[in-house]
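Participant: Let me give you the structure first, and then I'll get to my questions.
Since every read-out is calculated from the coordinates, none of them should be taken as a lab result. Because the structure is a prediction, the values reported are computed rather than measured. Using ideal geometry, Cβ is built from the backbone for each residue, glycine included, and neighbour counts are taken over all protein chains shown.
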Amino acid sequence: MKPQAAQARGFRHEAFFYSGDEEFLAGTVPYLEEGICAGETVLVVLPERRMELVREALGATSNEVEFWQMGDVGRNPARLIPAWRDFLRTCDLQRGVRGLGEPVSPDRSAAEVEECELHERLFNLAFAKERTLTVMCPYDTSGLGDEALMGAERSHPVCAGPHGRSASPRYSLDSPLAGELAEPGRPAVTLNFDKSDLAMVRHLVGQCARFAGLDPRSNEDLVLAVCEVATNSIQHGGGKGELHIWDEDGELICAVRDSGRIDDPLVGRERPRPEQERGRGLWLANQLCDLVQVRSGSCGTDVRLRMRFDG
Amino acid sequence: MVRQHGCINSGSGLGPDGHACWGFEQPEEFVDATLEFFTDGLRSNQRLVYLSSEPVAEQRERLAPLGNVGAMVDRGALHLLELKDLYDLGRPVDPVSQVTLFKAATEAARADGYSGLCLATQSTEMVREPCTWEAHLRLESRADQMASAVGMSALCGYQRGALPESVLGDLAAIHPTANAVAEAAPFHLFGESGRLVLGGEIDRFSTPALIRALTIAHTAAETTSLDLEALEFIDHHGFEALAAHTRRLAANGGCSVHNRPPIVDRLCGLLEMEL
């Protein structure tokens with residue numbers, strides 16, 4: 001059976017609330033099987049244990065599904081949109097594409113959950129024009145807190161559960177980068193910088209990373225990421241910026257603040273094209289760091305680059 | 001083992017293949033550095049050559065702290081030369097013939113029993129005119145690549161204010177070492193065993209200087225091997241400039257890149273570009 005409905009469906013993005021493995025499988029497996037039967041390209045992006053559950057439940061048909069581990073591709077959720085974009089380029093869109101993605105899981109930190117919500121909101125913007133893409137995002141109601149679950153309602157136009165689906169009253173696409181990030185919870189090393197201080201910015205980040213015990217590769221990645229973001233501040237954020245560095249809950253955090261404003265909410269989430277002159281700095285930072293947070297508004301821009309001590 | 005490179009604060013310790021760009025405010029500052037540089041040269045049995053715009057009599061006075069300058073000159077251990085006797089000042093030099101001259105002078109020193117040549121040049125008068133800058137940059141780059149191969153060391157003095165800061169910065173970048181007065185960009189592009197070595201740090205704001213240095217050095221170079229072993233940092237702006245440069249050279253026989261540090265491999269992978 002090959003329904004031709006794929007062309008007419010448009011872009012669908014819904015949250016699926018479940019509690020426990022049974023509800024998880026009862027909601028996700030029929031959804032995937034429907035896509036497989038319809039001849040759609042099916043991609044599953046889940047934490048390792050859930051991925052194995054789905055693979056086992058699908059049995060032999062799991063061979064027709066592409067599986068990605070969330071920990072590999074979505075450790076920093078800002079890497080998910082470019083990964084999806086790359087995947088869609090490989091698909092026959094006429095056949096339709098169906099996805100299952102669970103970026104928010106109970107083992108994520110509060111900052112990661114916050115960024116997962118932003119990712120889910122931006123996912124709507126990034127793929128709004130897709131004509132044949134359906135994505136379901138499971139949310140574990142027994143493991144996640146209220147804020148994470150409300151975040152799912154804010155970021156998905158439709159929410160579903162074991163007892164049916166409905167439009168989300170909280171859904172909103174307004175100003176996704178607005179808002180403020182929490183102030184450092186611990187004393188920070190601070191440096192005001194301009195063009196002449198960029199080498200000092202790098203050396204200070206490198207020193208703090210060594211002091212915190214980051215491995216050499218993470219250290220080098222963080223130095224490169226901070227340099228790229230600080231360069232953006234100098235070039236596009238008023239010629240200068242502030243750097244704050246502190247460690248908190250097993251992460252080294254570098255905050256780069258300036259007076260500029262970012263207008264493109266998808267900044268850093270689209271793979272730069274070779275001919276493109278701008279847009280590489282934040283994209284690289286997203287590939288290099290464990291987590292990057294960007295908030296921007298009339299008061300300026302605040303970028304947090306986070307690297308875990310354990311690599 | 002890469003040749004000594006980076007920022008220096010003394011004329012001593014440069015080694016028998018050292019090549020330094022020495023910026024100064026007052027002529028005495030360059031003389032002080034020369035005395036340190038020549039003291040090393042004497043210790044390693046190099047023939048000393050001092051080249052400046054001052055009359056020879058004045059040069060003798062300036063170098064008096066070295067000892068009996070007259071006797072050193074008489075026995076050929078020290079040559080004192082005025083710039084105007086060698087160059088048509090105000091006009092561009094011919095880099096090829098100049099380097100041939102330095103090479104011959106180094107070989108002559110060796111034939112006379114010295115270990116090599118130790119050349120201090122107060123070059124300010126050679127670069128007062130804008131029309132001289134490009135040829136002079138090529139001369140410095142070509143001489144550097146030759147010096148590292150034949151056993152010549154050189155200390156090149158430039159008076160700050162006599163030429164634009166950007167030109168002084170470009171000169172510093174194509175010497176393996178420079179003092180803080182001259183140094184503008186935190187990188188150096190220099191010769192080593194038939195290769196060009198890029199050392200130091202490159203970011204958005206030093207990338208234009210890198211492009212100029214690569215253009216000068218590869219125009220001057222017979223070799224198109226680029227060694228990145230001493231590269232300590234490069235951001236995507238510098239990396240893309242480097243990639244564009246190697247692509248341009250690919251049209252003329254190619255440029256082989258050696259000893260790529262991890263950060264370069266990282267950028268190649270993330271930007272899906274090759275060097």
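Participant: When Rg is the radius of gyration of the Cα atoms in region B:1-184 and Rh is its Kirkwood radius, what does Rg/Rh come to?
Facilitator: Looking at region B:1-184, the ratio lands at 0.93.
Participant: Moving on to the next point. Would you pull out the residues with amide H under 5 Å of A:Arg12's amide H, same chain only if 5 or more places away, H placed 1.01 Å from N?
Facilitator: Long-range HN contacts for A:Arg12: A:Leu133, A:Thr134, A:Val135.
Participant: Using θ = phi - 60° and the Karplus curve 6.51 cos²θ - 1.76 cosθ + 1.60, what whole-Hz ³J(HN,Hα) does each residue of region B:182-198 get, with Gly and Pro shown as x?
Facilitator: Those phi angles translate into 8, 5, 10, 9, x, 9, 9, 10, 9, x, 6, 6, x, 10, 9, 10, 10 Hz.
Participant: Now for a different question. Looking at region A:150-232, which trypsin sites (Lys or Arg not before Pro) are DSSP coil and have at most 15 other C-beta atoms within 10 Å of their C-beta?
Facilitator: Here the trypsin sites (Lys or Arg not before Pro) that fit, given the DSSP loop and packing criteria, are A:Arg170.
Participant: Roughly how many nanometres apart are two label points built 7 Å out from the Cα toward the Cβ at B:Ser225 and A:Ala178?
Facilitator: Going by the 7 Å Cα→Cβ label model, 6.1 nm.
Participant: Ranking B:Ser10, A:Ser142 by Cβ neighbours within 10 Å, fewest first, what do you get?
Facilitator: A:Ser142, B:Ser10
Participant: Taking amide H positions as placed 1.01 Å from N in the peptide plane, with prolines and chain starts having none, which residues 5 or more places from A:Gly268, or on another chain, fall under 5 Å of its amide H?
Facilitator: A:Trp283
Participant: Compute the long axis of helix B:95-111 from its Cα atoms, compare it with the longest principal axis of the Cα atoms of chain B, and write down the angle in degrees, 0 to 90, nearest 10.
Facilitator: 60 degrees
Participant: For Cα pairs less than 8 Å apart in space and 6+ apart in sequence, what is the mean separation divided by the residue count of chain B, i.e. the relative contact order in percent? The partial results should precede the final answer.
Facilitator: Numbers: 550 pairs, mean separation 57.6, N = 275.
Value for chain B: 21 percent.
Participant: With a Förster radius of 22 Å, plug the Cβ-Cβ distance of B:Ser166 and B:Ser97 into 1/(1 + (r/R0)^6) and report the FRET value to the nearest 0.05.
Facilitator: Computed FRET efficiency for B:Ser166 and B:Ser97 comes out at 0.25.
Participant: Going by how many other Cβ atoms sit within 10 Å of their own, how do B:Asp170, B:Asp85 line up, fewest first?
Facilitator: Lowest to highest Cβ neighbour count: B:Asp85, B:Asp170.
Participant: In sequence order, what are the phi-derived ³J(HN,Hα) couplings for region B:31-44 according to the Karplus relation 6.51 cos²θ - 1.76 cosθ + 1.60 with θ = phi - 60°, rounded to whole Hz, with x for glycine and proline?
Facilitator: 4, 4, 5, 5, 4, 5, 5, 5, 4, 5, x, 4, 4, 9
Participant: In whole angstrom, how long is each semi-axis of the equivalent ellipsoid of region A:189-308, when you take the square root of 5 times every eigenvalue of its Cα gyration tensor and sort them from largest down? List each step's numbers first, then the result.
Facilitator: Numbers: eigenvalues 91, 53, 35 Å².
Semi-axes, largest first: 21, 16, 13 Å.
Participant: Moving to a separate point now. With n ≥ 4 as the cut-off for DSSP H runs, can you work out [θ] at 222 nm for chain B, using -39500 (n - 2.57) per run divided by the number of residues, rounded to the nearest 500?
Facilitator: Calculated at 222 nm, the ellipticity per residue is -13000 deg cm²/dmol.
Participant: Show me, for region A:191-203, the HN-Hα J-couplings you get by feeding each phi into the Karplus relation (A = 6.51, B = -1.76, C = 1.60, θ = phi - 60°), rounded to Hz, glycine and proline as x.
Facilitator: 9, 8, 10, 9, 3, 7, 9, 4, 5, 5, 4, 4, 5
Participant: At 7 Å along Cα-to-Cβ for each site, give me the label-to-label distance between B:Arg43 and A:Cys91 in nm.
Facilitator: Here the answer is 7.1 nm between the modelled labels.
Participant: Give the order of B:Ile211, B:Ile234, A:Ile234 when sorted by the count of other beta carbons within 10 angstrom, beginning with the fewest.
Facilitator: Ascending Cβ contact count within 10 Å gives the list B:Ile211, A:Ile234, B:Ile234.
Participant: How much FRET efficiency would the formula 1/(1 + (r/R0)^6) give for A:Glu34 and A:Arg261, where r is the Cβ-Cβ distance and R0 is 30 Å, rounded to 0.05?
Facilitator: 0.10
Participant: If the only charges are +1 at each Lys and Arg Cβ and -1 at each Asp and Glu Cβ, what is the size of the charge dipole of region A:189-308 around the Cα centre, to the nearest 20 debye? Intermediate results must be reported in sequence, preceding the final value.
Facilitator: Working: 16 positive and 19 negative charges, 36 e Å.
Taking the Cα centre of region A:189-308 as origin, the dipole is about 180 debye.
Participant: Over the Cα atoms of region A:184-259, what Rg and Dmax result, in angstrom?
Facilitator: Rg then Dmax for region A:184-259, in Å: 11.8, 33.
Participant: Pairs of alpha-carbon atoms within less than 8 angstrom and 6+ residues apart define the contacts here; what relative contact order does chain A have, in percent?
Facilitator: About 19 percent, as a whole number.
Participant: Also, I was wondering about something else. Counting every Cα pair in chain A, what percent are over 25 Å apart?
Facilitator: The proportion of pairs with Cα distances above 25 Å equals 51 percent.
Participant: Measure nothing fancy, just the Cα-based angle from helix B:236-250's long axis to the longest principal axis of chain B, in degrees from 0 to 90, nearest 10.
Facilitator: Taking Cα atoms only, the helix is inclined about 80 degrees.
Participant: Let me ask you something else. If you take every DSSP beta bridge whose two residues both sit in the protein assembly as shown, what share of them, in percent to the nearest 5, is antiparallel?
Facilitator: Beta bridges within the protein assembly as shown, antiparallel portion: roughly 40 percent.
Participant: Can I ask one more? Can you list the residues of region A:193-207 with backbone N under 20 Å from a point 7 Å past the Cα of A:Lys240, pointing along Cα to Cβ?
Facilitator: Inside the label zone: A:193-205.
Participant: Now a separate question. Based on the alpha-carbon gyration tensor of region B:187-275 and its eigenvalue square roots a ≥ b ≥ c, which shape applies: rounded if a/c is under 1.5, prolate if not and a/b is larger than b/c, or oblate?
Facilitator: Since a/c stays below 1.5, the shape of region B:187-275 is classed as rounded.
Participant: While we're on this one: Relative to the longest principal axis of the C-alpha atoms of chain A, give the angle of the C-alpha long axis of helix A:20-37, reported between 0 and 90° and rounded to the nearest 10°.
Facilitator: 70 degrees
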